[in-house]
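**Q** Structure incoming, see below.
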Amino acid sequence: MRWEGVYIAGTGVWLGGPESARAAMESGRYDAEQYAADEIVSVSVADESMAPPDMAVHAATTALKRSGLDGSEVDLLIHSGIWFQGVEMWPAASYVAGHALGRGVPAIGLDQECNGGLGALELAARQVSGRPGAGAAMVTTGDRFGAPLVERWSSEPGFVYGDGGAALLLSGRGGFARLVSTATGADNSLEAVVRGPGLRPLPSAEPLDLLGRVGHYMRSRGSVREATERVAAVVTSVVDTVLADAGVTRGEIDRVVALASGRGRLEWQLPQLLGIPVERSTWDFARRVGHLGAGDQIAGFNDLLERGELGARDRVLFVGGGSGFSCTCAVVEMVRAPEWGAPPGAGE
């Protein structure tokens, strides 16, 4: 879908302190072969006092301040996360909205796994476009991962989980970048890849075992290769659609922000699958903070802005993906470098 009059007015990110990948490997928490393949330097790790919704509040507060808008002018907040949000049976989105924007701002929680941030972006764009020249909507994400329930260094080969919150504010009144197009595709049968042997009537306190679930899928339903090919088909179709709607080609994309994976997975996702070189990605940022759940793309875009790596007319492709399988992509075109970012070229 092509958008008119939908702008990005602010972004914000909250990150924990860096934890060394080499130290994790030397202590036995991170497989040595996986460490070599991933080329991860460090990941963001929050201290025990910080829950995901508070990360999102910090990020949203920054995004709002940078936008120049008042919290009461925001029509909607959509919050996503892929793991525990601080309290069971509790509306984390309302907490984030209440603390970052105000008590009267409607808030919605979106569960779309790692595609949550970009899925929310597309929904937020619909909200903003419904009030031409006046609408505004905030997208937030927040996640933290900790042992023994989640082993950040070994739960999923090719991904090392980092803690962090991210926020992006869309506005119909203007901004430093415009949202040109978004597209979403899905293959819902692929939820079985990470479901495991069956559904449970009640939650369990057992550690996350993604490898065990994938192993069950391989034994009972099919091969990982076949599932990967179906994922690839969805992603390439969505990328083709979003670029066509934006009226640009892959070669005209200046930067791309995708899931923050290890180097091996990134090589498959970008050069092999999409024909986009890693050098145009946010790899340098991703390898320092890890996979931030639903927030990789917003956080990576924010880093480009803060480092001064984007200027007027630069085009950025956002590529999402979450188990299920769903994929949302977006094309953003810079209007100007934001006042709060580094001057264009500062990151070179």
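The values are calculated or read from the model by the stated rules, or taken from the named source; none is laboratory data. Keep in mind that what you see is a predicted model, and the values were worked out from it rather than measured. Cβ sites come from the backbone with ideal geometry, for glycine too, and all protein chains shown count toward neighbours. When the accessible area is computed, the model is the full protein with side chains, heavy atoms only, and any ligands, DNA or RNA have been set aside. Shrake-Rupley method; radii C 1.70, N 1.55, O 1.52, S 1.80 Å.
**Q** Of the numbered conditions (1) within 15 Å of residue 164 (Cβ to Cβ); (2) open to solvent by less than 70 Å² (accessible area, probe 1.4 Å); (3) of a type outside the set (S, T, N, Q); (4) not in a loop (DSSP other than H, G, I, E, B), residue 58 satisfies every one except a single condition; which is it?
**A** Here residue 58 clears every test but (2).
**Q** Could you tell me which of the residues 211, 179 is over 30 Å from residue 310 (Cβ atoms) and either surrounded by 13 or more Cβ atoms within 10 Å (Cβ to Cβ) or out of contact with any Asp or Glu (no Cβ under 7 Å at 6 or more places or on another chain) (or both)?
**A** Only one candidate passes the filter, namely 211.
**Q** Right, here's the next one. Run residue 172 past the list (1) over 29 Å from residue 6 (Cβ atoms); (2) in contact with a strand residue (DSSP E or B) (Cβ under 9 Å, 6 or more places away or on another chain); (3) not acidic (Asp, Glu) and report the number of the one that doesn't hold.
**A** The failed condition is (1).
**Q** Any idea which residue in region 219-247 is modelled with the lowest pLDDT, counting only those that are in contact with a Lys or Arg (Cβ under 9 Å, 6 or more places away or on another chain) and open to solvent by less than 20 Å² (accessible area, probe 1.4 Å)? Lay out the reasoning, then the answer.
**A** Start the filter on region 219-247 by keeping residues that are in contact with a Lys or Arg (Cβ under 9 Å, 6 or more places away or on another chain), which leaves 227, 239, 243, 245-247.
From the residues that got through so far, the ones that are open to solvent by less than 20 Å² (accessible area, probe 1.4 Å) too are 227, 239, 243, 246.
On the way: 227: 88, 239: 97, 243: 98, 246: 98.
Only one residue fits best here, namely 227.
**Q** From 59, 97, which residue is touching a residue at least 24 places away in the same chain (Cβ under 8 Å) and within 21 Å of residue 289 (Cα to Cα)?
**A** One residue alone meets the criteria, 59.
**Q** For region 113-149, what are the residues that are over 17 Å from residue 327 (Cα atoms), assigned to a helix (DSSP H, G or I) and of a type in the set (A, V, I, L, M)?
**A** If the condition is that a residue be over 17 Å from residue 327 (Cα atoms), assigned to a helix (DSSP H, G or I) and of a type in the set (A, V, I, L, M), then 128 is the only one that fits.
**Q** Oh, and also: Hey, among 97, 63, which residue is open to solvent by less than 10 Å² (accessible area, probe 1.4 Å), among the aliphatic types (A, V, I, L, M), over 30 Å from residue 261 (Cβ atoms) and under 20 Å from the mean Cα position of the chain (by Cα)?
**A** One residue alone meets the criteria, 97.
**Q** Here is a list of conditions, (1) in a helix (DSSP H, G or I); (2) of a type in the set (D, E, K, R); (3) touching a residue at least 40 places away in the same chain (Cβ under 8 Å), and residue 152 meets all of them except one; can you say which number that is?
**A** With respect to (1) in a helix (DSSP H, G or I); (2) of a type in the set (D, E, K, R); (3) touching a residue at least 40 places away in the same chain (Cβ under 8 Å), residue 152 is out only on (1).
**Q** Examine region 175-192 for a residue that is among the small types (Gly, Ala, Ser) and modelled with pLDDT under 95, and state whether such a residue exists.
**A** Yes, the conditions are met somewhere in region 175-192.
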